[in-house]
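What follows is a single structure, written as structure tokens, with notes after it.
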Amino acid sequence: MAKLIKTSILHTDEALLGRLQMNDESALAELYDRYWDSAYLAAYNVLRDKKLCEDVVQEVFMDIWNRRKKIKVKSTFKTYFFSCVRYQVFAQIRKKEKTVRTELFEGLDHRIHHNCPESEYLYQELVEKINRTVAHLPKKCREVYILSRNEHLSHAEISVRLHISTKTVENHMTKALKILRNSVGSLLLAIILMVS
């Protein structure tokens, strides 16, 4: 029984990561066997391309091996690993420049979990791109967007404050969201994939 417990302790994710950091290739093989299928399925559920998903998963494992000495896991290896998978999936999506629906913008900062440095970097990149895009909106469109998103005013409240009709407020919001969607759509999708 003691030998069984000792053997299972040597094969926890954390133990395998420790062995990996000491250049133990068999630890990488064990992690590969443990996570390849689920990583592939996670990638395939988004990308729907078998070859591309195989490449994504392979890239993650190669990156883990290449950066094995520098890896710092803040929670669990599994969480770190799947954050890296999501990052690679995101990288593929960015290449394709897909667009996403604007509902994904709502409450994004409350859903972000910085499980790996890549997700924190991408989140900051998204925030900067949104801010730049909003700054370049037409003046009235920008005012409406800021009152809606930053001050959380309803369309009726905005129309009273700016002395414009509710329909005009709706038109400005539609225009602002369309511009934002076109500007940051694929970047946003990747962030959502990282936090889901």
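The values are calculated or read from the model by the stated rules, or taken from the named source; none is laboratory data. Treat the numbers as computed from the prediction; the structure is a model and nothing was measured. Note: ideal-geometry Cβ built from the backbone for every residue, glycine included; neighbour counts use all protein chains shown.
Can you pull out the residues in region 22-33 that are surrounded by 14 or more Cβ atoms within 10 Å (Cβ to Cβ) and part of a helix (DSSP H, G or I)? Passing the criteria: A27, L28, E30, L31, Y32.
Those helices (runs of 4 or more DSSP H) of region 52-171 in which at least 3 residues are farther than 22 Å from A42 by Cβ, modelled with pLDDT of 85 or more and touching a Leu at 6+ places or on another chain (Cβ under 8 Å), considering only elements entirely within it, cover 139-149, 155-162.
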